[in-house]
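Before any comments, here is the structure.
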Amino acid sequence: RAPILHISGPHWEPPEQDPATSFGLLILDGLVGRRVRIGRTVGTELLSYGDVVRPWDEPPRWEMIPPRLDWRVFAPTRVAVLDERITILIGRRPQLLVNFSERLLRRARAATYLMVASHLPRVEDRVLATLWHLASSWGRVTSEGVCIPFRLTHEVLGEIVGAHRPSVTVAM
C-alpha cells in the first residue's frame with residue numbers, strides 16, 4: 001500500500017521526495033496540468049489516471065534558457081506516492097517494473113504525438129488531433145459519441161496545441 005495524496009486546485013505544490021530513492025507519483029484519478037514556461041510562451045501537459053510523474057526532478061542543467069514549471073489542478077486528483085519502500089517493492093517484481101516503465105514510456109510517446117500535432121499548419125487540425133488524442137487516452141464511448149471526462153478551457157487547449165485562445169475558439 002502506498003500513501004495517498006488528495007489534491008484540489010487551482011494550483012498544486014508537489015511534495016518533496018528523494019529523487020534517488022522515490023519512483024514518482026502515480027495519478028489514480030482526476031486531472032492535473034504540468035505547465036512549462038519559456039519566456040512568455042506556455043505549454044501544458046495534461047496528466048490523469050495511470051500517469052507517473054516525478055515533479056521533484058530539476059530541469060537539466062544544460063538548458064540555456066531554463067523553463068519555469070507550475071502545476072494546475074483541473075479536477076480533484078488522488079495520487080499514490082511511490083516512495084522508497086514502494087520503489088524497493090517495484091524493483092523486486094519484474095512485472096511491476098515493466099508495467100511502471102510502460103507508463104513512463106506511454107507518457108513520452110503521448111508528448112511526442114502532441115508535439116508533432118502542434119506542428120500541423122492549421123489550428124483546426126491541431127485541435128482535432130489533440131481532442132482525438134485525449135479521447136483515445138481517457139475517453140469513453142457513449143451513444144452520442146466519445147466523451148472526454150473533463151472540461152478544458154480554450155486557453156488550456158491553446159497551451160496544448162501551441163495557439164492563442166482566440167484561434168482555438170475560431171477553430172472550435
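Quick look at the numbers
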item: Spacing of the two label points (7 Å from each Cα toward its C-beta) at Ser8 and Leu69, in nm; result: 2.6
item: Coil-residue trypsin sites (Lys or Arg not before Pro) of the range 55-150, DSSP, other Cβ within 10 Å capped at 15; result: Arg61, Arg122
item: Average accessible surface area per residue within the chain, 1.4 Å rolling probe, Å²; result: 63
item: Segment Ile148-Val36, extension gain: residue separation times 0.36 nm, minus the distance between their alpha carbons; result: 38.0 nm
item: Linear extension gain, Arg106 paired with Leu89, 0.36 nm per residue minus alpha-carbon span; result: 3.9 nm
item: Per DSSP, loop GluC sites (Glu not before Pro) in the range 70-160 with at most 16 further Cβ within 10 Å; result: Glu144
item: The chain, accessible surface, carbon-and-sulfur percent (1.4 angstrom probe); result: 57
item: Interchain or long-range residues, amide H under 5 Å from Asp51's placed H; result: Ile27
item: Spread of Cα-to-Cα distances over 10 Å intervals beginning at zero, given as percent, for the range 32-118; result: 14, 40, 35, 11, 0
item: 20 °C / 1.002 mPa s Stokes-Einstein diffusion coefficient of the range 64-159, Kirkwood radius on C-alpha pairs, µm²/s; result: 130
item: Equivalent ellipsoid dimensions for the chain as semi-axes, Å, which come from the Cα gyration tensor, largest first; result: 29, 20, 15
item: Given charges at beta-carbon only (K, R positive; D, E negative), |dipole| of the chain in Debye; result: 200
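The values are calculated or read from the model by the stated rules, or taken from the named source; none is laboratory data. Computed from a predicted structure; not experimentally measured. Cβ atoms come from the backbone with ideal geometry, glycine included; neighbour counts cover every protein chain shown. Surface areas here come from the heavy atoms of the whole protein model, side chains and all, with no ligands, DNA or RNA. Shrake-Rupley method; radii C 1.70, N 1.55, O 1.52, S 1.80 Å.
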